[in-house]
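Report on the following structure.
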Amino acid sequence: MYVFIMRHGDAAVNSISDVTRELTPCGQQESQEMACWLTQQEPDVDCILVSPYIRAKQTLKVVRENLALPSNEEELAELKPSGDVALVASYLQVLATQEYNAVLVISHLPLVGYLVSELCPEQTPPMFSTSSIACVELDPQTEKGRLLWQTSPVQLAAKD
C-alpha cells in the first residue's frame, strides 16, 4: 500500500487558536500545484485521513478539486500536530492489510516527519515545508515502509 503523507498548505498566523488557522492564498496555490503534480503520478487514492484542524481540511478541499479522490474522508484527532504518531502508524498498518491501494494523509508538523520515520524505521524524520508530500510504500507483511520520494512546491518550481 502507498501512503501519501502531506503537510497542509501555508496558513495564516493571526487566528484565535491553532485549530482555526486558515490557508493563505499562497497555501491554496501551493496545495493546488502539488495536487496537479500528484495527478501525474497516478496515485489511485482510495482512502483519505485528515486532521480535524481547519487548514488541513482546506488543504484537502483544494487537493480534491485537482485530483480524483474518494468522496469521503476519515477525520482523525490523532493527526493533529501533537498526535500519537505510533497510533497513526498502527492504523495505517491495519489499513494495509485491508487491501487499500493508497492512502492520503493530510496533517501537520511535527507529526508528518515523525510518521515517515515511524513507518520507515531506518529513515530519520524528513523536513516538510508546507504542502510537501512524501510517498511511503508500506508492506503489510513486514509492517515496514520504504520512503520512495518526497517533494515540495519549491522543488517543483526549481524543475520548471
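Nothing in this text is a laboratory measurement; each read-out follows from the coordinates by a stated rule. Given the structure is predicted, the values throughout are model-derived calculations rather than measurements. Note: ideal-geometry Cβ built from the backbone for every residue, glycine included; neighbour counts use all protein chains shown.
In table form, for the structure just shown:
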quantity	calculated
Integer Hz, Karplus 6.51/-1.76/1.60 couplings in order for the stretch 151-158, x for Gly and Pro	8, 9, x, 5, 5, 5, 5, 5
Residues 159, 61, 80 arranged by fewest to most Cβ contacts within 10 Å	159, 61, 80
Expected 222 nm ellipticity per residue - DSSP helices of 4 or more, -39500 (n - 2.57), all of the chain, to 500	-11000 deg cm²/dmol
Contact order normalised by residue count of the chain, Cα under 8 Å, 6+ apart, percent	31
Estimated FRET transfer efficiency (residue 122, residue 14; beta-carbon r; R0 45 Å; 0.05)	0.65
Ranked list, fewest to most other Cβ atoms within 10 Å of each Cβ, for 8, 108	108, 8
Reach of residue 80 by Cα under 19 Å, taken over aspartates and glutamates that are not fewer than 8 positions away in the same chain	10, 18, 22, 118
Taking 59, 151, 130 and counting other C-beta atoms within 10 Å, the order from fewest to most	151, 130, 59
Simple spin-label estimate for residue 82 and residue 40 in nanometres, 7 Å along Cα-Cβ	4.0
Antiparallel DSSP beta bridges within the chain, as percent of all bridges there, nearest 5	50
